[in-house]
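Reading through the structure tokens given below for one structure.
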Amino acid sequence: MCPSLLRSVWGTFTALQWCFWGILGAEHSGRYGMVFDAGSSHTSLYVYEWDSDKENDTGVVSQTLSCDVQGPGISSYANNPPKAGDSLKECLDKALKVVPTEKQRDVPVYLGATAGMRLLRLRNSSAADQILAEITKTMQEYPVAFRGARIITGEEEGAYGWITINYLLESFTKYSPKAHTWVRPEAANILGALDLGGASTQISFIPKGSVINWNETSRFMLYGYNYNIYTHSYLCYGQNEMVKRLAKELILQGEELVLIEHPCYPKDYNETISLSSFHTSPCTNASDPRLSPSDRNVTLEGRGNASGCLVAIRKLFNFSACGQSQDCTFDGVYQPPISGQFFAFSAFYYNFKFLNLTEGQSLATVRETIERFCTRSWEDLSSSYPEENPGRLPKYCANANYILTLLLDAYKFNESSWNNIVFQMKAGSADVGWTLGYMLNLTNMIPAEAPGLLKGQAPSLWAAAVAFITLTLALGLVALLLLLRV
């Protein structure tokens, strides 16, 4: 037997072995991405990881880290923009500890600012620009592929949240072991998204039939299928801005009184606020002629009146602007009738979780629980919840009644459709929010066209690996027979 031929066969066999192990290594070589969610009241950083060979397929993305940035939202640094950049460093340092050093420079990093910065831009656009510039300056000091800091629109926030939920719940596509292919679940599995932040709230869902007002619709081509979703964002209707607007209206109703009854606050709870605080947000309408120019203090005195609280909160909405139209929420905003199941997250979830109302309770039970909670005194609440933030505890009654008003009166959920709402904050091991959808979109990890895997191909490089194994064994056997003959 020719020794050179034997060496050639053996060399091919060895090379194929290296190729095979390279394939297995590639299968487990992860890629990373980071997104900062710069909200109105705080900022969070999320680190995501996915297999590198899945970028143009269905890419199963997992959340590797979440980190809450210390301090308030970046919009609060209007008078000290460099501090906005500095505030992110601790979380960035933590994030880099979970990303291998050799991969850090390829990690795409994004920062999206939401309603807090939208409001600051309305009030002081140069301060908003300066904050984003300082954040960019800080990010460029780190060994990552920073892709920019920007203020996203409310509709983007709603749409990306919708993508996140349905991606994590495999509503767009999932692998079927039985069929050995990627399949598209029934459209009924697509969930709507309900998001409540500090300064804005969003609703996104696929309406039944045609949508009249296309200005309120986002169109997506995902995995080869078209999705037309209705999405709308309500600036100034986040829970923190709602609390401020409610206080302002109660004070104005009390005219020049220095002691004002607050139906939503617990009995025996008092809070003193300055009228000048209403001038810091466009939501409380700094130019309102009813606001006294003097900087006087007013004390809000809790009454623990559940029905009175609901009445006061309803006055924050202009329901009469809709007339008799059913395709309208409030302030004359068009919305097609809700349809399907909904995933309610962020402050929807946190408020109801505190009240133990996230286990699918009926609407009657929810109403009764909220009403009972609202009648509890401040002494009772503070002794029952010693661990709870004392600044947040007196506001749960207002927040819960606000959620009821928004969902029932504005979005028009009712006794039967209420059970279609799931209050949750995680899907699998990942937090639900707009950040994952934002990263998936910007890294093109959800292709517009149906990937080859949707047409019946194997779900990874394992098919190629199997072929290599078969060929390797065959060549190994040939090499062994040749050796024996020699």
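For the reader, a short list of remarks on this structure follows.
- Within segment 102-118, residues that are farther than 20 Å from C67 by Cβ and in the same structural domain as A38 (by TED's automatic domain parsing) have Cβ atoms under 6 Å from residues that are surrounded by 24 or more Cβ atoms within 10 Å (Cβ to Cβ) and of a type outside the set (S, T, Y) in these pairs: A115/G197; A115/A199; A115/G238, counting only partners at least 6 apart in sequence or on another chain.
- Residue check for A398: outside any loop (DSSP other than H, G, I, E, B), in the same structural domain as R303 (by TED's automatic domain parsing) and either modelled with pLDDT of 80 or more or surrounded by fewer than 14 Cβ atoms within 10 Å (Cβ to Cβ) (or both): yes
- Of the residues making up segment 202-261, those that are among the β-branched types (V, I, T) and modelled with pLDDT of 90 or more number 7.
- You will find that of G391, G433, G360, the residue that is under 19 Å from Q202 (Cα atoms), outside any helix (DSSP H, G or I) and small (G, A, S) is G433 and no other.
- Once segment 252-277 is narrowed to residues that are over 36 Å from the mean Cα position of the chain (by Cα) and assigned to a strand (DSSP E or B), the residue that is surrounded by the most Cβ atoms within 10 Å (Cβ to Cβ) is I260.
- Some residue of segment 377-398 being among the small types (G, A, S), under 20 Å from N305 (Cα atoms) and touching a Leu at 6+ places or on another chain (Cβ under 8 Å): yes
- Selection status of N270, farther than 21 Å from I338 by Cβ, in contact (Cβ under 8 Å) with a residue 40 or more places away in the chain and of a type outside the set (G, A, S): no
- The residues listed here are P82, P72; of these, the one that is farther than 24 Å from S200 by Cβ and either more than 24 Å from the chain's Cα centre (by Cα) or not in a helix (DSSP H, G or I) (or both) is P82.
- Verdict on K137 being in contact (Cβ under 8 Å) with a residue 60 or more places away in the chain, surrounded by fewer than 22 Cβ atoms within 10 Å (Cβ to Cβ) and farther than 21 Å from G437 by Cα: no
- The selection criterion, being surrounded by fewer than 19 Cβ atoms within 10 Å (Cβ to Cβ) and touching a residue at least 24 places away in the same chain (Cβ under 8 Å), does not hold for S320.
- Considered as a group, the residues in segment 126-171 that are within 30 Å of F205 (Cα to Cα) and in contact with a helix residue (DSSP H, G or I) (Cβ under 6 Å, 6 or more places away or on another chain) include one that is modelled with the lowest pLDDT, and that residue is S171.
- Scope segment 71-90; condition touching a strand residue (DSSP E or B) at 6+ places or on another chain (Cβ under 9 Å) and among the polar types (S, T, N, Q); matching residues: S75, S87
- Of the residues making up segment 216-239, those that are part of a strand (DSSP E or B) and either closer than 27 Å to Y402 by Cβ or in the same structural domain as L440 (by TED's automatic domain parsing) (or both) number 9.
- Condition met for L393 (surrounded by fewer than 21 Cβ atoms within 10 Å (Cβ to Cβ), hydrophobic (A, V, I, L, M, F, W, C) and either in contact with a helix residue (DSSP H, G or I) (Cβ under 7 Å, 6 or more places away or on another chain) or at positive phi (or both)): yes
- Residues that are within 17 Å of Q202 (Cβ to Cβ) and part of a strand (DSSP E or B) within segment 407-426 comprise I421, V422, F423, listed in sequence order.
- Taken over segment 288-310, the criterion of being closer than 14 Å to Q253 by Cβ and either loosely packed, with under 12 Cβ neighbours inside 10 Å or not assigned by TED's automatic domain parsing to the domain that holds Y334 (or both) is satisfied by D288, R290.
- If you go through segment 436-449 and keep only what is hydrophobic (A, V, I, L, M, F, W, C) and assigned to a loop (DSSP other than H, G, I, E, B), you end up with M445, I446, A448.
- Only one entry in F345, F352 is crowded, with 20+ Cβ neighbours inside 10 Å, in a helix (DSSP H, G or I) and in the same structural domain as E241 (by TED's automatic domain parsing), namely F352.
- So R118, is it of a type in the set (K, R) and over 20 Å from T280 (Cβ atoms): no
- For segment 406-453, filtered to residues that are in contact with a helix residue (DSSP H, G or I) (Cβ under 6 Å, 6 or more places away or on another chain) and free of Cβ contacts under 8 Å to residues at least 60 places away in the same chain, the residue that is farthest from G158 (Cα to Cα) is E415.
- The set of residues in segment 284-333 that are modelled with pLDDT of 95 or more, small (G, A, S) and farther than 16 Å from Y234 by Cβ comprises G302, G304, A306, S307, G308, A312, S320.
The values are calculated or read from the model by the stated rules, or taken from the named source; none is laboratory data. Treat the numbers as computed from the prediction; the structure is a model and nothing was measured. Glycine gets a Cβ as well: all are built from the backbone with ideal geometry, and neighbour counts include every protein chain shown.
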